[in-house]
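Please read through the structure below; I'll follow up with questions.
The values are calculated or read from the model by the stated rules, or taken from the named source; none is laboratory data. Note that this is a predicted model, so its numbers are computed, not measured. Quick reminder, even Gly has a Cβ in these numbers, built from the backbone with ideal geometry, and neighbours come from all protein chains shown. For the accessible areas, the whole protein counts, side chains as well, though only heavy atoms, and no ligand, DNA or RNA atoms are used. Shrake-Rupley method; radii C 1.70, N 1.55, O 1.52, S 1.80 Å.
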Amino acid sequence: MTPQRISYLYRLYLDRNMSSSELEEFQQVILNPDHQKILHQQIEEHWDGLADNSLLELPQAKMNKVFNAIVAHPQPVAKRGKFWASIAIAAAVVVAVFGVGLFYYDLNLKPQPTEHLANKNEITPGIQAATLTLANGKKIRLDDTANGLLAKEAGVMITKSANGQLIYEIKDADGDTSKINTLSTAKGETYQLRLPDGSLVWLNAASSLTYPVNLNERGKRSVKLDGEGYFEITKDKAHPFVVESKRQQIEVLGTHFNVSSYSDEPVVRTSLLEGSIQINGKTVLKPGEQSSVDPTGNIAVKEVNVNKSVAWKNGKFAFEDENIEGVMRKLARWYNVEIIYQGDFYQRTFTGTISRHDDISRILDKIAYTQAVRFKIDGRRIYVSRNEIITN
């Protein structure tokens, strides 16, 4: 088959304008290893012209595992056609606007939009907000508080900047080191903190950071994290920076890294962007690596796209081979909703990048384009069920 014919079939597929015979011919193209290089080139060539391409990332790292993601543009087809994507050699995964694991795909089936059972008001994304708990127990809601000086504790000035950043600045180096503060975000909140040494911390939703007011504790800069945080640590060889979280302790001198240690996640993940860190006194990460600590304390290290680990800080959700439960946990924290599952789910995984700034209905509709799941919204409850595809 000529490259021109493959290109023609591919464009028909994207436009959902294939006859059943053309679809069968295209299936044979995918199954033929001799044509995979040409098809790969077609996908890369036409990627920029695809609908909603700004919400997607072409999963280059998965090309050898699953040959390609073929994006179907939701338009009517000339004739009814069916495609079985669960091919033994894993030649292709059919997706629409969002990556999904292998599933049965019916070109004539349109995904159902998210159903609103009650309270049709949109569930909006999270905001920049947090609660600061001072050493004396006083709580300050940072989204309600005016900019400027908030408090002075242990020789440290605590202020809120015009851009909503919480800033600690040491005025008395001999201040009381026993004073402890906690910055916490609820579901649907995120906040940024600058510590007394100039280190920056971004807190994701439903997270907290506990730290001495002047940061130093027995010659170390020590903080405790619950949830997820991204750290940009100022170098100070005389005072190592230590982050304690669930099942792990991270020691650094100066570096950029992300820690996800939510109590409802099966593993604790630490991703290194710059520098070097040591985990639990034995495992050293290099830039581009991610460690996973399981409930038994075992540590596994692998190379990852670390930019996806910090996508949340940049206003995006990023999923990589993640099951529906993992996807919905992230959505639940950011949109402050309850997730209710109805029925069992096949072991399908999702891959994609999508904005955190949309109302949740738009997010769910994009996931529903995979035709793997369906959603219903009832107030602040999201019902998730498997999409049963019925064919004639």
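Give me the residue from segment 291-320 that is within 21 Å of Asn280 (Cα to Cα) and among the β-branched types (Val, Ile, Thr) and, out of that set, least open to solvent (accessible area, probe 1.4 Å).
Pass one, segment 291-320, residues within 21 Å of Asn280 (Cα to Cα): 291-304, 306, 309.
Those left that are additionally among the β-branched types (Val, Ile, Thr): 293, 296, 299, 301, 304, 306.
Numbers: Val293: 0, Thr296: 107, Ile299: 47, Val301: 69, Val304: 43, Val306: 20 Å².
Ranking the candidates gives Val293 first.
Would you point out the residue of segment 162-184, among those that are open to solvent by 10 Å² or more (accessible area, probe 1.4 Å) and modelled with pLDDT of 90 or more, that is nearest to Asn258 (Cα to Cα)?
In this case the residue turns out to be Ser184.
If you take the residues of segment 267-285 that are of a type in the set (D, E, K, R) and within 21 Å of the chain's Cα centre (by Cα), which of them is surrounded by the most Cβ atoms within 10 Å (Cβ to Cβ)?
Arg269
Check segment 335-342 and report whether any residue there is open to solvent by less than 50 Å² (accessible area, probe 1.4 Å) and out of contact with any strand residue (DSSP E or B) (no Cβ under 6 Å at 6 or more places or on another chain).
Within segment 335-342, one or more residues are open to solvent by less than 50 Å² (accessible area, probe 1.4 Å) and out of contact with any strand residue (DSSP E or B) (no Cβ under 6 Å at 6 or more places or on another chain).
Of all residues in segment 332-350, count the ones that are under 22 Å from Val306 (Cβ atoms) and in contact with a helix residue (DSSP H, G or I) (Cβ under 7 Å, 6 or more places away or on another chain).
Residues meeting the conditions: 1.
Would segment 133-147 turn up any residue that is open to solvent by 20 Å² or more (accessible area, probe 1.4 Å), polar (S, T, N, Q), touching a residue at least 24 places away in the same chain (Cβ under 8 Å) and under 30 Å from Ala318 (Cα atoms)?
No; the residues of segment 133-147 include none that is open to solvent by 20 Å² or more (accessible area, probe 1.4 Å), polar (S, T, N, Q), touching a residue at least 24 places away in the same chain (Cβ under 8 Å) and under 30 Å from Ala318 (Cα atoms).
Let me ask you something else. With the condition kept exactly as written, say whether any residue in segment 305-328 is aliphatic (A, V, I, L, M) and over 30 Å from Arg380 (Cα atoms).
Yes: segment 305-328 contains one or more residues that are aliphatic (A, V, I, L, M) and over 30 Å from Arg380 (Cα atoms).
I would also like to ask the following. From the list Gly219, Gly254, exactly one residue is among the small types (Gly, Ala, Ser) and either farther than 19 Å from Lys282 by Cα or in contact with a helix residue (DSSP H, G or I) (Cβ under 8 Å, 6 or more places away or on another chain) (or both). Which is it?
Answer to the check: Gly219.
Modelled with pLDDT of 90 or more, surrounded by fewer than 17 Cβ atoms within 10 Å (Cβ to Cβ), of a type outside the set (A, V, I, L, M) and more than 26 Å from Val337 (Cβ to Cβ) - does that describe any residue in segment 100-107?
no
Moving to a separate point now. Suppose we keep only residues that are in contact (Cβ under 8 Å) with a residue 60 or more places away in the chain and among the aromatic types (Phe, Trp, Tyr) within segment 336-382. Which one would you say is nearest to Pro125 (Cα to Cα)?
Phe375
Take segment 244-257 and flag every residue that is surrounded by 20 or more Cβ atoms within 10 Å (Cβ to Cβ) and touching a Lys or Arg at 6+ places or on another chain (Cβ under 8 Å).
Passing the criteria: only Ser245.
Which one is nearest to the chain's Cα centre (by Cα), of the residues in segment 192-232 that are open to solvent by 30 Å² or more (accessible area, probe 1.4 Å) and among the acidic types (Asp, Glu)?
It comes out as Asp226.
Looking at segment 320-392, what strands (runs of 3 or more DSSP E) fall wholly within it and have at least 1 residues that are charged (D, E, K, R)?
Here the list reads 338-342, 373-378, 381-386.
Right, here's the next one. Out of all the residues in segment 177-199, which are within 19 Å of Asp143 (Cβ to Cβ) and in a strand (DSSP E or B)? Please lay out each step first, then the result.
Restricting attention to segment 177-199, the residues satisfying the condition of being within 19 Å of Asp143 (Cβ to Cβ) are 181-194.
Within segment 177-199, Asn181, Thr182, Leu183, Ser184, Thr185, Glu189, Thr190, Tyr191, Gln192, Leu193, Arg194 qualify.
Taking Lys376 and the conditions (1) open to solvent by less than 60 Å² (accessible area, probe 1.4 Å); (2) at pLDDT 90 or above; (3) more than 20 Å from Asp264 (Cα to Cα); (4) touching a Leu at 6+ places or on another chain (Cβ under 8 Å), which numbered condition does it fall short on, given that it satisfies the others?
Checking Lys376 against (1) open to solvent by less than 60 Å² (accessible area, probe 1.4 Å); (2) at pLDDT 90 or above; (3) more than 20 Å from Asp264 (Cα to Cα); (4) touching a Leu at 6+ places or on another chain (Cβ under 8 Å), the one that fails is (1).
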